[in-house]
Amino acid sequence: MDTAVVVPVNAVEPRASAPAAQRYYRRFAASERVMHAFLMLSFVGCALTGLPLIFSHQAWATVLATLLGGFRGAALIHRVCALVMLTVFITHVSLVVRRAIVTGNWKAMLWGPDSLVPQPQDAIDLWNNVKWFVGRGPKPTFDRWTYWEKFDYWAVFWGMAIIGGSGLLLWFPLFFSKFMPGFMFNVASLVHGEEALLAVGFIFTFHFFNGHLRPEKFPMDTVVFTGRIPEHELQNERGAEYRRYAQSGELSGKLAPAPTRESLIFGWFVGGAALTLGVIAIVLIIYSVLF
Amino acid sequence: MTTLRPRRAVLALGWVFVAFVLAWHPALAAPGGAADTCFMCHAEKDAKGSAGNAINVDRDAFAHSVHGQAQLPCTACHQDVDPQKLPHGAKLKPVNCASCHAQQVKEYSGTVHGKARKGGNAVAANCTDCHGKHDIRHASDPASRTNHANLEATCGKCHGNDAIVQKAHLPGGNIVSQFHDSIHGRALKTAAQSAAPTCTNCHGAHTIRAKDDPDSSTSRARIPETCGTCHKDVKAAFSNSQHGKLRHEGNLAAPGCNDCHSAHRIQQHDAPQFVTGVVEQCGNCHQEYLTTYRDTYHGQVTSLGFAKMATCASCHGSHEILPASNPASKVSAQNRLQTCQQCHAGASANFAKYDPHANRHDRARNPVYFYTASFMDALLIGVFGFFGLHTVFWFWRSLVERRSAARARKDAQRKGS
């Protein structure tokens with residue numbers, strides 16, 4: 001439906017036999033995919049071991065906590081997952097800083113179409129999307145990062161800082177009580193739980209829907225596991241990005257071979273497991289909030 | 001040579017015969033000579049009365065009974081039988097135990113059982129239901145129904161029988177099965193049997209009264225005293241506690257032993273179910289503190305059923321609970337840190353400023369906590385509200401688009417074909 005594709009792409013052939021429809025472009029680097037996988041696993045781990053506390057009055061919470069090894073077992077899993085997540089966080093921040101220094105390209109990282117920093121275009125995109133939702137405009141197409149993907153990123157970034165920070169406070173109260181009064185642990189405890197509920201509620205509904213479960217993607221989008229986006233998706237959903245690359249001549253450089261069978265199976269299996277656990281968690285949360 | 005005179009020989013043979021019969025017939029050979037006459041009819045196992053009713057009396061059991069041992073004649077109890085006029089009438093009067101045991105019967109008439117009988121309840125326990133009839137043994141006899149070791153089974157004939165409990169609406173349900181698994185019930189099965197309490201230790205025997213009877217040993221007012229007969233130290237500690245003080249002032253809404261420990265299900269103080277369950281009991285009165293406790297890690301973990309975590313009693317104490325304003329209280333300003341240190345070894349004064357009952361709705365108690373909670377509420381409502389609507393609209397639009405795309409495809413196919 002995107003008629004705005006101005007640059008012919010036929011000139012580039014990744015594989016002689018592959019028809020144009022099966023062409024793929026690289027969207028995520030290997031390091032990003034690996035970090036997403038670790039983030040995902042540790043997030044599900046923290047969520048499953050933490051939710052029983054928030055809903056401790058529910059029968060399912062006792063069952064889940066017992067399955068996870070009682071409160072000591074669950075606490076151990078929670079801390080191991082927290083360390084994994086913390087490692088992902090630190091690695092990510094270091095990689096971002098390193099890229100800014102090595103490439104010297106920090107301006108483009110902070111502003112512009114490749115940047116994750118919210119900017120006026122996002123407000124325009126949101127407005128156009130809402131117009132499309134209510135049937136008052138065409139389906140908008142986006143650049144490399146949509147506004148909801150930026151929200152995802154910053155929500156997780158803020159969430160990891162807040163949940164991670166408060167979690168460390170609660171993990172080592174004797175140490176931190178040297179610097180702060182005891183009631184800060186009340187605050188840490190509150191923030192840790194509420195922010196976690198927000199994160200879990202957000203990731204297991206909106207992120208899942210936006211990324212995977214909406215009719216266009218159902219049941220899941222494997223791009224974050226394979227790192228490769230099919231050409232038609234890049235053209236339709238990220239038309240601005242596609243045109244940008246086509247105009248700058250970067251397009252051919254981003255061509256990638258089709259995802260391997262193994263990476264697809266990995267994506268379907270790991271992603272499917274996380275999706276399933278997440279949806280179960282959401283069903284339990286909604287049940288607990290309602291009843 | 002001596003010759004036996006025929007008359008004497010017949011007589012001698014007669015005595016030998018009598019002796020032989022006496023020796024051979026077990027019913028007649030048993031002690032209790034005075035009962036002999038009765039056992040001529042009542043000894044046979046399948047002996048029947050004129051109406052075809054069984055009239056057998058186990059002579060051996062009677063012989064070993066407390067009454068048999070005392071060589072009492074049957075007529076001591078069955079006073080309307082005249083041994084000179086046998087057989088006696090088909091229907092005898094009920095035995096009146098009071099003719100000898102006047103004091104006990106008088107006491108019994110004031111009990112819950114006695115009152116129920118008087119009120120026309122034909123199944124409420126009377127003397128024989130607990131003591132038996134011809135086989136009554138002294139309570140000190142291990143084979144006695146009223147022996148310390150056997151009382152659970154004796155009371156359990158009614159209070160441990162679901163059918164009877166239901167039919168007679170016995171209070172507390174199947175209390176004997178509850179008692180059976182309690183710490184007292186289990187102790188009764190150990191070597192410490194004689195020290196462990198059974199039903200009568202708390203309820204009395206001929207003084208069993210309903211708990212709403214002020215004279216009952218298990219009345220709300222008297223429970224601490226009753227439990228205190230064994231648990232002397234606990235009674236003393238409780239008596240000095242805030243709860244004990246309130247009770248002394250006549251406030252019986254203040255908890256007694258059974259409010260936390262239950263009556264018949266009493267568990268060991270460190271049994272996980274008791275440790276986590278008793279928190280809810282505290283919450284019956286201290287609702288706000290239960291709610292705020294449940295918001296903390298302590299409260300969440302115990303709510304999940306794991307007991308190795310601070311409960312109310314861990315910080316406030318159990319029997320000796322005092323208000324925080326009392327310097328002797330475990331949670332007074334003077335003692336609080338030490339109380340935290342029970343679990344958090346090395347905790348500092350700063351650490352002890354943690355509020356185990358922080359209330360997100362109470363601005364005065366902790367403003368930082370209150371405003372953080374308000375901010376988090378707004379954040380959650382904002383994010384879920386915005387993305388909730390965003391998602392609903394998106395989903396709806398996607399479905400609409402897919403439907404119209406499918407229709408367009410179909411139209412194209414139709415045109416093409």
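The values are calculated or read from the model by the stated rules, or taken from the named source; none is laboratory data. Every value quoted in this text rests on a predicted model; they were computed, and no experiment measured them. FYI the Cβ positions are ideal-geometry reconstructions off the backbone, even for glycines, and counts take in every protein chain you see.
Observations on the model:
- The helices (runs of 4 or more DSSP H) found wholly in region B:63-145 and carrying at least 2 residues that are under 29 Å from B:Ser219 (Cα atoms) and among the basic types (Lys, Arg) occupy B:112-118.
- Check on B:Ala76, exposed (fewer than 12 other Cβ atoms within 10 Å of the Cβ) and over 32 Å from the mean Cα position of the chain (by Cα): no
- Residue in region A:125-137 that is surrounded by 16 or more Cβ atoms within 10 Å (Cβ to Cβ), farther than 30 Å from B:Trp396 by Cβ and in contact with a helix residue (DSSP H, G or I) (Cβ under 9 Å, 6 or more places away or on another chain) present: no
- Pick from region A:49-71, criterion surrounded by 20 or more Cβ atoms within 10 Å (Cβ to Cβ) and more than 19 Å from A:Gly167 (Cβ to Cβ), ranking: farthest from the other protein chains (Cβ to nearest Cβ): A:Leu64
- Filtering region A:168-191 to residues that are part of a helix (DSSP H, G or I), surrounded by 17 or more Cβ atoms within 10 Å (Cβ to Cβ) and facing chain B (nearest Cβ under 7 Å) leaves A:Pro173, A:Phe183, A:Phe185, A:Asn186, A:Val187, A:Ser189, A:Leu190, A:Val191.
- Which listed residue is part of a loop (DSSP other than H, G, I, E, B), more than 24 Å from A:Ala199 (Cα to Cα) and modelled with pLDDT under 95, from A:Ala16, A:Ala21: A:Ala16
- Filter result for B:Lys133 (out of contact with any Leu (no Cβ under 6 Å at 6 or more places or on another chain), assigned by TED's automatic domain parsing to the domain that holds B:Asn56 and at negative phi): yes
- Only one of the numbered conditions (1) in a helix (DSSP H, G or I); (2) farther than 28 Å from B:Gly385 by Cα is not met by A:Pro259, and that is (1).
- Residues that are buried (at least 16 other Cβ atoms within 10 Å of the Cβ), farther than 21 Å from B:His113 by Cα and either of a type in the set (Gly, Ala, Ser) or touching a residue at least 12 places away in the same chain (Cβ under 8 Å) (or both), drawn from region B:198-236: B:Pro224, B:Cys227, B:Gly228, B:Val234
- Exactly one residue out of A:Leu76, A:Leu83, A:Leu126, A:Leu116 is over 23 Å from A:Leu39 (Cβ atoms) and either free of Cβ contacts under 8 Å to residues at least 60 places away in the same chain or not in a helix (DSSP H, G or I) (or both): that is A:Leu126.
- Test result for A:Arg98, in contact (Cβ under 8 Å) with a residue 24 or more places away in the chain, within 23 Å of A:Tyr153 (Cα to Cα) and either within 14 Å of chain B (Cβ to nearest Cβ) or part of a helix (DSSP H, G or I) (or both): no
- Among the conditions (1) touching a Phe, Trp or Tyr at 6+ places or on another chain (Cβ under 8 Å); (2) within 7 Å of chain B (Cβ to nearest Cβ), the only one that A:Glu194 does not satisfy is (1).
- Residue match in region B:365-378 (condition: in a loop (DSSP other than H, G, I, E, B), on the phi < 0 side of the Ramachandran plot and of a type outside the set (Lys, Arg)): yes
- Residue check: B:Ala63 meets all listed conditions (1) buried (at least 16 other Cβ atoms within 10 Å of the Cβ); (2) in contact with a Pro (Cβ under 6 Å, 6 or more places away or on another chain); (3) at pLDDT below 85 but one, namely (3).
- Odd one out for B:Ala253, checked against (1) under 21 Å from B:Arg365 (Cβ atoms); (2) not in a helix (DSSP H, G or I): (1)
- The set of residues from region B:171-207 being over 18 Å from B:Ser219 (Cβ atoms) and either touching a Cys at 6+ places or on another chain (Cβ under 6 Å) or of a type in the set (A, V, I, L, M, F, W, C) (or both) comprises B:Val176, B:Phe179, B:Ile183, B:Ala187, B:Leu188, B:Ala191, B:Ala192, B:Ala195, B:Ala196.
- Flag if A:Trp132 is under 26 Å from A:Glu231 (Cβ atoms), touching a residue at least 24 places away in the same chain (Cβ under 8 Å) and within 11 Å of chain B (Cβ to nearest Cβ): no
- When B:Asn350, B:Asn335 are checked against the criterion of being within 14 Å of chain A (Cβ to nearest Cβ) and more than 23 Å from the chain's Cα centre (by Cα), a single residue qualifies: B:Asn350.
- Here A:Ala155 passes the criteria (1) in a helix (DSSP H, G or I); (2) out of contact with any helix residue (DSSP H, G or I) (no Cβ under 7 Å at 6 or more places or on another chain); (3) among the small types (Gly, Ala, Ser) except the one numbered (2).
- Within region B:361-379, if we keep just the residues that are more than 7 Å from every other protein chain (Cβ to nearest Cβ) and within 15 Å of B:Thr291 (Cβ to Cβ), the residue that is surrounded by the fewest Cβ atoms within 10 Å (Cβ to Cβ) turns out to be B:His361.
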